[in-house]
Amino acid sequence: MALEIRVPDIGNFKEVEVIDLLVQPGAVIAVEDSLITVESDKATMDIPSPSAGVLLELKVQQGDKVAQGTLIALLDPAVADAAAAKSTPAPAKPTPAAAEKTVAAAEMAPSSPTPQPPPTLPRGSVVAGDSASAKAHASPSVRKFARELGVQLGLVKGTGPKNRIQKSDVTAFVKGIVSGTSVSARGGFALPEIPPIDFSRFGTIESKPLSKVKRLTGQNLHRSWITVPHVTQFNEADFTEAEEFRKSKAAEAERAGIKLTPVSFLLKACVAALRRYPEFNASLAPDGEALIYKKYFHIGVAVDTDQGLVVPVVHDVDQKGLFDIARELRDLAVKARERKLRPADLEGGCFTVSSLGGVGGTQFTPIINVPEVAILGVSRATLRPVYLEGELVPRLILPFSLSYDHRVIDGMLAAEFTEYLRTILSDIRHILL
Ligand code: CAO
């Protein structure tokens, strides 16, 4: 019985182009094996098979335009067992098609940047990850292949149409490394492995899997930690007057259904500092040859959820008042905790604020949210005796720290940035300037 495999729901795209045929008639297919790759103007996607069997016929060719419901292939599921085993390539001998049955292909796998496992290439050839890999023009199946081999796609030269990276390019890259003929332009480093330890030898243990958010965040943090030379500059601001103003607005904020916390003030203050020091509102070009200055002010705020850290973005902070920022921040934090954030809520950040002010602590060293070049960590404001005009007076002191990418920002500039932030936070009238 021949099974019709059709293009499944492809979201907002009406028509996409077939850019790769990943299987040939006669091939033994397992459930979820990729059949073809399609490309929209935004992404490439593999269309996987919803069923196991032997491929009888491909109904599309490279360059065809397809839409939801287009017939892609005919599959003979009668030999599903063979497909499940799939140890050797199938003989190209399709079984006769009987009555045809229609199914939509399984959910498509978009080629969004996926986590990279530790590289597995030989010692000394391992290269550090970079954002170029996420942007590389390659289908999900090629990405998967590269991941399995520990290859960073950003380093592979694509020879396909529009410089698309093909499987053969990845193979050639690996061959080059193994034979010693190709050297990474970005340098590389081999890290000693941590030997596995059986902790149960020392007492009772329990192993719990990390959440997906934690795993993804962990990989991003690790990449940033390893690839970006971080320096952290500490400072503190006299937040007494800002706090008085905040308290004076508390009832009004409550009537508006929001809570005005110091974080909204911080976001506004950051915009003022980013305007004055545009190097902080920038990203390094992927080749490291230029600095891309952003003329907009979208600020990410780290939100703690039961799944781990997420960083939704408050867009156009420069165009919003304190109440609007507080409202948006509250909504984003709720969405984050209810796992309802949309991709647009997480995109476009220029700079990040990570506030632990609601918890405590004196200072910490936040990790830069790459490709941004700096991040502000904020700790809890406390009342402290300060020597002012000849006497000790209680003032509310807000400690903060700025981690920055030393490739982009010099220590002098970072110190000036935090000094300016201190000035603004100590006298919030500066926010209006
Ligand atoms: N100093 C003193 N008090 C502060 C403060 C500061 N710097 N920042 C916040 N507060 C107060 C608030 O005013 C609020 O007080 P009340 O309960 O008396 O009104 C209280 O602390 C709790 O604030 P909050 O944390 O609920 O709200 P927020 O606006 O300060 O923060 C958010 C929102 C989303 C940033 C926060 O909930 C959060 O998730 N923080 C964690 C971020 C994080 O984990 N960062 C670490 C990343 S590095 O690993």
Exercise for the section: Within region 1-37, track down each residue that is in a strand (DSSP E or B), free of Cβ contacts under 8 Å to residues at least 60 places away in the same chain and under 15 Å from Gln68 (Cβ atoms). Expected result: Val16, Glu17, Val18, Ile36
Problem - Residue satisfying all of: in region 40-59; without any contact (Cβ under 8 Å) to a residue 60 or more places away in the chain and assigned to a strand (DSSP E or B); most open to solvent (accessible area, probe 1.4 Å) among these - result: Glu57
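Results for (1) more than 10 Å from the ligand (Cβ to nearest atom); (2) on the phi < 0 side of the Ramachandran plot, shown as yes or no for each residue.
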position	(1), (2)
Pro343	yes, yes
Gly358	no, yes
Ile367	no, yes
Val373	yes, yes
Glu389	yes, no
Ile397	no, yes
Ala415	yes, yes
Practice task
Considering each of Val317, Val303 in turn, give the residue that is touching a strand residue (DSSP E or B) at 6+ places or on another chain (Cβ under 6 Å), within 11 Å of the ligand (Cβ to nearest atom) and of a type in the set (A, V, I, L, M, F, W, C).
Solution key: Val303
Exercise for the section: Read through the list (1) within 15 Å of the ligand (Cβ to nearest atom); (2) in a loop (DSSP other than H, G, I, E, B), then give the number of the only condition that Asp287 fails. Expected result: (1)
Practice task
May I ask you to verify whether Leu329 is over 18 Å from Leu267 (Cα atoms), in contact (Cβ under 8 Å) with a residue 60 or more places away in the chain and within 11 Å of the ligand (Cβ to nearest atom)?
Solution key: no
Practice task
Output yes when any residue across region 238-245 is modelled with pLDDT of 95 or more, in the same structural domain as Pro399 (by TED's automatic domain parsing) and more than 15 Å from the ligand (Cβ to nearest atom), and no when none is.
Solution key: no
Handout entry: Residues that are surrounded by fewer than 18 Cβ atoms within 10 Å (Cβ to Cβ) and either within 16 Å of the ligand (Cβ to nearest atom) or free of Cβ contacts under 8 Å to residues at least 24 places away in the same chain (or both), drawn from region 267-284
Key = Pro278
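The values are calculated or read from the model by the stated rules, or taken from the named source; none is laboratory data. In this text the structure is predicted, and so the values were computed from the model without any measurement. Reconstructed Cβ throughout: ideal geometry from the backbone, glycine too, with neighbour counts over all protein chains shown. Ligands, DNA and RNA are excluded from the accessible area calculation, which covers all protein heavy atoms including side chains. Shrake-Rupley method; radii C 1.70, N 1.55, O 1.52, S 1.80 Å.
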